[in-house]
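Encoded as structure tokens, the structure appears first; notes follow it.
The values are calculated or read from the model by the stated rules, or taken from the named source; none is laboratory data. Just so it is clear, the model here is predicted, and its values are computed rather than measured. Here the Cβ positions follow ideal geometry from the backbone for every residue, glycine too, while neighbour counts run over all protein chains shown. The protein model used for the area step is the full one, side chains on, heavy atoms only, and it has no ligands, DNA or RNA in it. Shrake-Rupley method; radii C 1.70, N 1.55, O 1.52, S 1.80 Å.
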Amino acid sequence: MASRRARVTGFIRDFQAFILKGNVVELAVAVIIGGAFNKIVSSFVGDLVMPLVNPLIPGGDWRAAVIGPGIKIGSFASSVIDFLIIAFVLYLVIRAIERFKRKEEAIAAADPHEPDVQQQMLATLERIADGLERR
């Protein structure tokens with residue numbers, strides 16, 4: 001009985017460690033934000049882009065276009081357009097993040113001889129400890 005309880009407790013502990021890993025939490029947040037972002041993009045395409053495009057298309061709303069018995073080509077095309085918009089926005093965001101990182105790296109590389117904050121704090125603590133030892 002104790003062996004079974006130890007296995008269950010070990011399993012729960014392992015599962016908790018897995019769930020609380022940074023990658024799993026970050027992935028969960030990304031999925032939730034991705035779902036919300038999907039709604040925004042669908043609304044952007046459906047409510048802003050399509051009212052401008054529909055008058056140019058003969059027959060009106062192309063999202064309702066059907067070929068043959070139930071092949072919803074319009075629905076598929078709208079999904080492709082949503083994907084392209086999401087991919088483009090993600091490309092712009094990642095590009096901006098990379099540009100920001102490059103600027104930070106350039107600032108850090110500008111003066112490599114300047115001691116970092118941790119080294120300065122360590123040196124200060126050593127001087128304080130030396131001063132206390134002398135008393």
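Of note:
- For the chain, the carbon plus sulfur part of the accessible surface works out to 67%, probe radius 1.4 Å.
- Two-decimal Rg to Rh for the chain - Kirkwood Rh, Cα set: 1.30
- Helix 2-19 vs. the chain, principal-axis angle (Cα, 0 to 90°, nearest 10): 70 degrees
- Note on segment 18-58: Cα Rg divided by 2.2 N^0.38 Å, N the number of residues, gives 1.88.
- Based on every Cα atom in segment 38-77, Rg and the maximum pairwise Cα distance Dmax equal 11.1, 31 Å.
- In plain terms, the bigger the Kirkwood radius, the slower the diffusion; for segment 1-74, with that radius from Cα pairs, at 37 °C and 0.692 mPa s, Stokes-Einstein puts D at 193 µm²/s.
- Alpha-carbon centroids, segment 75-135 and segment 35-64: separation in whole Å: 38 Å
- With all protein chains modelled, accessible area of Ile94 [1.4 Å, Å²]: 90 Å²
- With Cα atoms, 0 to 90° folded angle of helix 22-43 axis to the chain main axis: 30 degrees
- Mean residue ellipticity (222 nm) of the chain, computed from DSSP H runs ≥ 4 via -39,500 (n - 2.57), nearest 500: -25500 deg cm²/dmol
- Dipole of the chain, positive direction: furthest Cα of Ala109, Leu125, Gly74, with charges on the beta-carbon: Gly74
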